[in-house]
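Here is the structure we will look at.
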Amino acid sequence: MIKFFCSTFILCLLINVCPAQNYILLKQDESSNAYAHINQLGDGNLLIGLDISSNLISDANGDLQYAAVQKSLSGDINELIVEQVNPITQNQILLYQEAFEKNEGRFIQSNGSHTLMLKQISSAGTNISHITQLEGSGFINLEQKAYSNNTIPLVTNSIMDNPFGYSGIYQEGESNFIYGAAEVYDTEFELVAVPAPDLPAQQISETGSNWLEIWQTGGNNVVALHQEAVADNTALIRQFDGFNIAVIYQKGAGFNNIKVEQFGGAEAYIYQNGGGHNYAVIEQH
């Protein structure tokens with residue numbers, strides 16, 4: 001077990017408990033800038049935190065306020081790079097980032113059952129994440145709230161044409177899930193959207209834009225997403241090999257843009273609501 005606590009110093013303790021698992025408990029608190037680069041290679045890889053009662057937050061229902069933490073409330077930037085490789089059991093990242101200016105995360109999980117629970121809050125700036133899950137099944141529960149822009153990945157990256165560059169969220173294998181969405185009421189198509197098992201996948205911007213790209217290979221994949229912005233919302237989804245569902249709910253005063261490409265049997269549920277322009281292209285092959 002590795003415990004990784006940081007404020008202005010780093011303390012690492014090696015304890016011979018649960019030798020089949022790699023644990024990192026990360027806490028970087030109240031610094032001007034926070035940076036961590038983590039590489040885990042083993043039977044089970046966990047980047048997690050402790051709740052208020054000092055219990056491990058180690059499942060998808062945990063309160064992310066008590067997950068692994070990076071906070072730089074009076075400073076500028078949180079940056080975290082995590083690579084988790086070759087578990088026999090699981091890769092798991094539970095992370096809460098809160099910054100005055102910018103949160104940035106780069107995450108790679110390979111060869112197993114993957115979980116990524118990520119919450120990013122920027123009170124005056126932006127959130128950026130790059131997420132790759134390779135050769136396995138993946139569960140993502142994403143929440144981004146920013147004063148300015150939320151971006152997955154940088155908008156300067158190409159749109160849906162570089163799968164081997166792993167832009168945006170890239171998930172290989174079958175049974176990948178990215179959750180959130182909602183709204184509802186129906187009786188013949190009033191409002192609508194739905195799946196939400198049990199929220200997030202949401203991007204909320206107070207003054208700027210939201211941008212998200214997701215590429216899922218294999219089959220039996222679900223994307224459910226809620227985007228809300230004063231400016232533009234953009235969601236670009238590509239799903240392969242059948243039994244895929246895309247549910248996207250966008251609300252904004254600017255442009256709401258959706259492009260969904262699905263290969264094999266698929267379903268798409270689109271709900272756009274705003275005073276600007278709504279644009280959706282759905283291709284099912």
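The set of residues from region 237-253 being surrounded by fewer than 20 Cβ atoms within 10 Å (Cβ to Cβ) and either of a type in the set (A, V, I, L, M) or touching a His at 6+ places or on another chain (Cβ under 9 Å) (or both) comprises 245, 251, 253. In region 263-285, how many are among the aliphatic types (A, V, I, L, M) and surrounded by fewer than 18 Cβ atoms within 10 Å (Cβ to Cβ)? Selection size over region 263-285: 3. All of (1) at pLDDT below 75; (2) in a strand (DSSP E or B); (3) aliphatic (A, V, I, L, M) hold for residue 60 with one exception: (2). For residue 260, the test of being surrounded by fewer than 19 Cβ atoms within 10 Å (Cβ to Cβ), modelled with pLDDT of 90 or more and not polar (S, T, N, Q) is failed. Taken together, the criteria place residue 278 among residues that are under 24 Å from residue 204 (Cα atoms) and without any contact (Cβ under 8 Å) to a residue 40 or more places away in the chain. Among the residues making up region 253-269, those that are in a strand (DSSP E or B) and without any contact (Cβ under 8 Å) to a residue 40 or more places away in the chain are 255, 256, 257, 258, 260, 262, 266, 267, 268. Which condition number does residue 224 fail, the rest of (1) within 13 Å of the chain's Cα centre (by Cα); (2) over 19 Å from residue 107 (Cα atoms); (3) at pLDDT 90 or above being met? Among (1) within 13 Å of the chain's Cα centre (by Cα); (2) over 19 Å from residue 107 (Cα atoms); (3) at pLDDT 90 or above, residue 224 violates only (3).
Does region 197-204 contain at least one residue that is polar (S, T, N, Q), at pLDDT below 85 and under 19 Å from residue 180 (Cα atoms)? No, the conditions are met nowhere in region 197-204.
The set of residues from region 85-128 being outside any strand (DSSP E or B) and touching a residue at least 60 places away in the same chain (Cβ under 8 Å) comprises 88, 89.
The values are calculated or read from the model by the stated rules, or taken from the named source; none is laboratory data. All values derive from a computational prediction rather than experimental measurement. With ideal geometry, Cβ positions are generated from the backbone for all residues, glycine too; neighbour counts draw on all protein chains shown.
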